[in-house]
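To keep things clear, I will list the structure first and then write my remarks on it.
The values are calculated or read from the model by the stated rules, or taken from the named source; none is laboratory data. Please read these numbers as outputs of a predicted model, since none were measured by experiment. Using ideal geometry, Cβ is built from the backbone for each residue, glycine included, and neighbour counts are taken over all protein chains shown. Side chains included, ligands, DNA and RNA excluded: accessible areas come from the protein's heavy atoms. Shrake-Rupley method; radii C 1.70, N 1.55, O 1.52, S 1.80 Å.
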Amino acid sequence: MDNITKVFQEIYINIKELNPIDRPCIIGVNGIDTSGKTEFAKKFKQYLEEKEHNVQIVHIDDFHNPKKVRYSGENQVGNYFNKSFDIKNLVENILVPIKEEGFLHTKLKLLDLGTDEYNIQKEFYIEKNTIVILEGVFIFREEIYPYLDYKIFIDIPLNECKRRAIERDVPLYGDEILEKYDTKYIPTQKYYFKKYPIKKYADVIIDNTNWDKPKIVSDLKEQ
């Protein structure tokens with residue numbers, strides 16, 4: 001059994017103990033930029049589907065605000081944390097119906113970051129027995145946290161975040177993207193950690209410094 005399967009197995013045991021019978025189970029997958037949240041959520045979905053569960057991933061990145069909102073202030077940390085995402089839309093149209101009604105059948109018009117227009121239509125079909133994986137940054141914040149049944153934090157050191165940014169983002173956006181990590185992304189993550197201490201909010205912490213050998217740990221990497 002490989003490392004990630006061992007991690008999934010342990011998490012799956014914990015999730016089964018929750019066993020909400022009248023509504024979907026909502027799992028939060030949180031982590032800093034480049035930590036591997038999206039890939040983890042994708043592989044965990046596959047693992048759960050192999051066990052014959054219905055699974056839907058919800059990405060907080062699908063709920064971006066338009067550019068005029070995201071960059072409407074001078075403080076980059078404030079912009080990233082408070083203005084990047086339409087948290088109200090996510091909560092009112094996704095999380096509240098799931099938690100209160102036990103299902104969700106809807107289509108939402110969402111922002112296309114490339115065109116900065118609401119021209120993406122996404123369907124959400126969630127039944128009572130669906131496992132919902134909410135994946136993204138800052139999802140342990142007070143507006144979202146109460147809706148999460150199980151909270152997973154994907155942990156890497158901040159210097160590893162920068163190294164991965166060089167590999168992943170520089171080829172796409174050029175060297176200037178690294179300045180955003182120094183002035184926006186990393187400082188905002190530090191703000192988030194201070195406001196919402198991960199060890200207090202997460203049910204499980206996964207060391208994902210080595211892509212091939214994730215492991216469950218009790219301590220965070222030094223931030």
Assigned to a helix (DSSP H, G or I) and touching a helix residue (DSSP H, G or I) at 6+ places or on another chain (Cβ under 9 Å): which single residue out of Asn82, Asn89 fits that description?
Asn89
List pairs: first residue in the range 169-193 and within 20 Å of Lys83 (Cβ to Cβ), second residue of a type in the set (S, T, N, Q) and surrounded by 10 or more Cβ atoms within 10 Å (Cβ to Cβ) anywhere in the structure, Cβ distance under 7 angstrom, at least six positions apart or on different chains.
Thr183/Gln76; Lys184/Gln76; Lys190/Gln223; Phe193/Gln223
So which residues in the range 120-131 are open to solvent by 80 Å² or more (accessible area, probe 1.4 Å) and part of a strand (DSSP E or B), if there are any at all?
Gln121, Glu123, Tyr125
The residue that is farthest from Leu134 (Cα to Cα), considering only those in the range 45-63 that are part of a helix (DSSP H, G or I) and touching a helix residue (DSSP H, G or I) at 6+ places or on another chain (Cβ under 6 Å), is Tyr47
Residues (acidic (Asp, Glu) and out of contact with any Phe, Trp or Tyr (no Cβ under 7 Å at 6 or more places or on another chain)) located in the range 23-59:
Glu39, Glu49, Glu50, Glu52
Can you pull out every residue in the range 119-141 that is more than 26 Å from Gln46 (Cα to Cα) and in contact (Cβ under 8 Å) with a residue 12 or more places away in the chain?
Arg141
With respect to Asn14, is the statement that it is in a helix (DSSP H, G or I), open to solvent by 50 Å² or more (accessible area, probe 1.4 Å) and farther than 28 Å from Ile186 by Cα true?
yes
Condition broken by Gln46, with the remaining ones in (1) out of contact with any Lys or Arg (no Cβ under 9 Å at 6 or more places or on another chain); (2) over 17 Å from Ile126 (Cα atoms) satisfied
(2)
Suppose we filter Gln9, Gln76 for residues that are touching a helix residue (DSSP H, G or I) at 6+ places or on another chain (Cβ under 8 Å) and either open to solvent by 20 Å² or more (accessible area, probe 1.4 Å) or among the small types (Gly, Ala, Ser) (or both); which single one remains?
Gln76
With the condition kept exactly as written, say whether any residue in the range 99-120 is modelled with pLDDT under 95 and within 27 Å of Lys200 (Cα to Cα).
yes
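Only one of Leu134, Leu95 is in a helix (DSSP H, G or I), open to solvent by less than 70 Å² (accessible area, probe 1.4 Å) and hydrophobic (A, V, I, L, M, F, W, C). Can you tell me which? Give the derivation first.
Details: Leu134 fails: in a helix (DSSP H, G or I).
Exactly one residue qualifies, and that residue is Leu95.
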